[in-house]
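Novice: Structure provided below as structure tokens; questions to follow.
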There are 2 protein chains.
Amino acid sequence: MNEKKLVMIGCGTVGQGLLEIIEDKTPNIKLIAISDKLKGSLLDPKGIDIPYMLGILDNDGKVDDYDKASDKAITGLDAIETIKKSNGDIMAEMTYTDIETGEPATSHIKAALKQGMHVTTSNKGPAALYYTKLQKLASDNGVKLFIEGTVMSGTPIFNLARECFAGSKITEVSGILNGTTNYILSKMENEGWDYKDALKKAQELGYAEADPTADVEGHDALAKVVILSNCILGGNIKPEDVPCEGINNITLEDVNEAAENGMRYKLLGSTKIEEDKITASVKPVKLELSNPLAGVGGATNALTFKTDLLGEVTIQGPGAGKIETGYSIFVDIMSILNHE
Amino acid sequence: MNEKKLVMIGCGTVGQGLLEIIEDKTPNIKLIAISDKLKGSLLDPKGIDIPYMLGILDNDGKVDDYDKASDKAITGLDAIETIKKSNGDIMAEMTYTDIETGEPATSHIKAALKQGMHVTTSNKGPAALYYTKLQKLASDNGVKLFIEGTVMSGTPIFNLARECFAGSKITEVSGILNGTTNYILSKMENEGWDYKDALKKAQELGYAEADPTADVEGHDALAKVVILSNCILGGNIKPEDVPCEGINNITLEDVNEAAENGMRYKLLGSTKIEEDKITASVKPVKLELSNPLAGVGGATNALTFKTDLLGEVTIQGPGAGKIETGYSIFVDIMSILNHE
């Protein structure tokens, strides 16, 4: 099998996690390009020295600072130019998510697919807004579009559905898709903190952003529910089709009352398909403690698949992290390498 | 892609579950042979009419009773003859497990691999006793040997490890691998039944055999731990290498005392690899309630994978059942079809 040429668009936390994994695992790929809006850009068909580049980036240096490029190297290209000139085999899209427009990631993915490159992305924007169209473009160009990192970081969701439930019909998926809100609810129940204190602690620990709206109002989980609906259930819905309620109105009294009745609040993202119609929602739900999702504490994520042949199967694992999300890109690359 | 020719060896509950799934899902395969020690044998290169055969078997008829065979059909062959004369592409081994000898399943699998056929099996005997040798034979013949049905029926374990953790190192697997003992322990804790009453109920429900030794003394879980050690961790251990303790000495007092301390007894099968050395065991373990395996109740199974890149990932699902185990064979067939 020939060495595959990898192009990285975006080289923040996820990209650096990916570089560390490639360095550790030495798969049969050659990194030929990195383009990052803040850190600069390098296209070197002869290959980029990964440990050397990691040394630069780890010391807050830039891609531009790399001084071991070959005489074939080009610097200063933007992302689209990098993709078009790269002659690469696989493009990894790891720029920051813009959930309103899906840009610039969607344009990067389109450009790569049109060039006949396989694509893997951890970016929720294109996956939530344009999955169906992008998948068709991939198919028309005879390449693969994988999105493992968009939901539950590297915990397998899409690879699981594609490879492990092959030939089985998935009728519903429902789960804990946002670690921040799960952490807050766990702390309210276990420590008796009120919502504001639990949120403050989540912010101190770096789970929640200074503006926690996307997490606590459910918008992050909403984007993931749309992705699951379209990618796993074969729907074609938009974010505005999904009723969304966060945990910001859940009080300590609600949590305690549920606990007294042997129940536990979880923010669930759910989607099901019946007669070709998708019904999806994000909302706080009181679960019986015997529900596999009820036991999922802290910042962990979990998802239950309902299938026609296996009944319910639940997978629980990390939902975030530099290496965990870097691995989501890596496992998609491995799938491309292993099944060509 | 050409239609693949399927040979079924063993046509009991699992085999009939598989036939129902094939009938429902119409994958690109042609069933050309069934050989069952009790129900007779048919090899028809022109293909066997599955709904018609299912109609016969559902009415307690035999494979021999099929009266729509073509003029090319041969009846009365034993399993090995069927495999050798079949010119099939995939052999599904679904005879009853003999965990002492692994026979006759091991001979069936060897014969098929030597004929250049892919093999999938739900039979724990060959997988527990001869996995390493059989996998080498498969590799030497350029074909695949898959064993999804040997642990947790169709809940993905081996497909998960192969496809979804590709490129990641799995260092430990630990789980609830026997539904009968988990049911008994759940009933002792939840209903306050003593061990004997819980066992009796499990027997009434058909979870436990009249002779429950294999379940309650841990031998069933032991076979699965050996399979996980050799197939997933790359070990080469034997059943006698694994210390094995069942639940037959666990009293209601033990269970209650654990519960008072916020703990729960589970029969855990565990195996880990450190510096190329496998350490495995089957024994009752008191788990903290926050452990993902502690919440697994009734006859459900679950397994936690420890990996270098993702940390811990737990999967929970059915561990038995006609359709569920039939699906384990089906998903292996789908993997062979999808990745040729």
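Laboratory data are not the source of any read-out in this text; all were calculated from the coordinates shown. Since we're looking at a predicted model, the values are computed, not measured. Neighbour counts run over all protein chains shown; Cβ positions are idealised from the backbone, glycine included.
Novice: Relative contact order for chain B: what is it in percent, counting Cα pairs under 8 Å that are at least 6 residues apart? Each step should come with its number before you reach the end.
Specialist: Working: 715 pairs, mean separation 65.6, N = 340.
In percent, rounded to a whole number, it is 19.
Novice: About the Cα centre, and with charges only on the beta carbon of Lys, Arg (+1) and Asp, Glu (-1), how big is the dipole of the protein assembly as shown? Nearest 20 debye, please. Before the final figure, lay out each step's value.
Specialist: On the way: 68 positive and 100 negative charges, 398 e Å.
Around 1920 debye, computed over the protein assembly as shown.
Novice: Let me ask something else about it. What is the extension gain from B:Asp140 to B:Lys201, computed as 0.36 nm multiplied by their sequence separation minus the C-alpha to C-alpha distance, in nm to one decimal?
Specialist: Between B:Asp140 and B:Lys201, full extension yields 17.2 nm more.
Novice: Would you mind giving the three semi-axes, in whole Å and largest first, of the ellipsoid equivalent to chain A according to its Cα gyration tensor?
Specialist: Its equivalent ellipsoid spans semi-axes of 37, 23, 16 Å.
Novice: Of B:Lys133/B:Lys277; A:Lys25/B:Lys110; A:Lys46/A:Lys85; A:Lys238/A:Lys277; A:Lys201/A:Lys306; B:Lys84/B:Lys224, which pairs sit farther than 23 Å apart, going by alpha carbon to alpha carbon?
Specialist: Check vs 23 Å cut-off fails for A:Lys25/B:Lys110; A:Lys201/A:Lys306; B:Lys84/B:Lys224.
Novice: Here is a further query. In a Gaussian network model over chain A where Cα atoms closer than 10 Å are linked, find which of A:Glu103, A:Glu274, A:Glu245 has the largest mean-square fluctuation.
Specialist: Judging by the Gaussian network model, the answer is A:Glu274.
Novice: Sequence-distant or interchain residues sharing an amide H contact under 5 Å with B:Glu245, placed H: which?
Specialist: Residues meeting the criterion, in which the H sits 1.01 Å from N, are B:Val282, B:Lys283.
Novice: Same structure again: Mind checking B:159-171 for the average number of partner chain beta-carbons within 10 Å of each residue's beta-carbon?
Specialist: On the way: counts 6, 6, 0, 3, 12, 15, 6, 13, 13, 7, 2, 0, 0.
What the average comes to for B:159-171 is 6.
Novice: Report the dimensions of the protein assembly as shown along its three principal axes from the alpha-carbon atoms, largest first, rounded to Å.
Specialist: Projected onto its principal axes, the Cα set of the protein assembly as shown covers 73, 60, 53 Å.
Novice: Below 15 angstrom from the Cβ of B:Tyr183, what's the summed charge of the other residues (Lys, Arg +1; Asp, Glu -1)? List each step's numbers first, then the result.
Specialist: Details: positive: B:Lys187, B:Lys196, B:Lys200, B:Lys201, B:Arg264, B:Lys266; negative: B:Glu189, B:Glu191, B:Asp194, B:Asp197, B:Glu204, B:Glu209, B:Asp215, B:Asp220.
Spelling it out: positives minus negatives among the neighbours equals -2.
Novice: A follow-up question, please. Relative to the compact-globule scaling 2.2 N^0.38 Å, provide the ratio for the alpha-carbon radius of gyration of the range A:37-183. If you can, show how the numbers build up before the last one.
Specialist: Numbers: Rg = 17.5 Å, N = 147, 2.2 N^0.38 = 14.7 Å.
After normalising by residue count via 2.2 N^0.38 Å, the value is 1.19.
Novice: I'm a student and want to see the number: the projected area of the Cα convex hull of the range B:86-126, averaged over all directions, in nm².
Specialist: 2.5 nm²
Novice: Still on this structure, please answer the following. Work out the length of the dipole vector of the range A:164-317 about its Cα centre, built from +1 on the beta-carbon of each Lys and Arg and -1 on the beta-carbon of each Asp and Glu, and round it to the nearest 20 debye.
Specialist: 380 debye
Novice: Mind putting together the pair-distance distribution for the range A:164-317? All Cα pairs, 10 Å bins, whole percent per bin, short to long.
Specialist: Over the range A:164-317, the share of Cα pairs per 10 Å bin runs 12, 41, 33, 13, 2 percent.
Novice: Still on this structure, please answer the following. With chain A treated as a Gaussian network of Cα nodes joined by springs under 10 Å, which of A:Met263, A:Met117, A:Met91 yields the largest mean-square fluctuation?
Specialist: A:Met263
Novice: DSSP H helices in chain A with Cα extent of 15 Å or more along the helix axis and mean Kyte-Doolittle hydropathy at least 0.5?
Specialist: On the way: long enough: A:13-25 (18 Å, 0.11); A:124-140 (22 Å, -0.47); A:179-191 (17 Å, -0.89); A:219-231 (18 Å, 0.90); A:322-338 (24 Å, 0.72).
Both cut-offs are met by A:219-231, A:322-338.
Novice: Picking from B:Gly269, B:Leu228, B:Leu134, whose Cα lies most toward the positive end of the charge dipole for chain B (charges on Cβ: Lys, Arg +1; Asp, Glu -1)?
Specialist: B:Leu134
Novice: Give me the net charge of B:Gly102's neighbourhood, meaning all other residues with Cβ under 12 Å from the Cβ of B:Gly102; Lys, Arg count +1, Asp, Glu -1.
Specialist: Surrounding charge for B:Gly102 is 0.
Novice: If amide H atoms are built 1.01 Å from N in the plane of the peptide, which residues on other chains or at least 5 residues away come under 5 Å of the amide H of B:Lys5?
Specialist: It is B:Lys30, B:Asp89, B:Ile90, by chain and number.
Novice: Along the principal axes of its C-alpha atoms, what lengths does the range A:262-336 span, in descending order and rounded to whole Å?
Specialist: So the three principal-axis extents are 40, 35, 23 Å.
Novice: Sort B:Lys277, A:Lys124 so that the residue with the fewest other Cβ atoms within 10 Å of its own Cβ comes first and the one with the most comes last.
Specialist: B:Lys277, A:Lys124
Novice: Hey, in the GNM for chain B with a 10 angstrom Cα cutoff, which one of B:Asp98, B:Asp36, B:Asp58 fluctuates hardest?
Specialist: So, out of B:Asp98, B:Asp36, B:Asp58, the one fluctuating most is B:Asp58.
Novice: So, one more: Be a star and scan the range A:90-106 for residues whose amide nitrogen sits under 20 Å from the point 7 Å along the Cα-to-Cβ vector of A:Lys238.
Specialist: A:98-106
Novice: Right, another one. Got a sec? Charge dipole of chain B, +1 on Cβ for Lys and Arg, -1 for Asp and Glu; which of B:Leu54, B:Leu199, B:Asn2 is way out at the positive end?
Specialist: B:Asn2
Novice: What FRET efficiency, computed as 1/(1 + (r/R0)^6) with R0 = 45 Å and r the Cβ-Cβ distance, is obtained for A:Asn249 and A:Lys114, rounded to the nearest 0.05? Walk me through the intermediate numbers first.
Specialist: Values: r = 45 Å, r/R0 = 1.01.
Computed FRET efficiency for A:Asn249 and A:Lys114: 0.50.
Novice: Here's something else I'd like to know. If you rank A:Lys68, B:Lys283, A:Lys266, A:Lys4 by fewest surrounding Cβ atoms within 10 Å, what's the result?
Specialist: Listing A:Lys68, B:Lys283, A:Lys266, A:Lys4 from fewest to most nearby Cβ atoms yields A:Lys68, B:Lys283, A:Lys4, A:Lys266.
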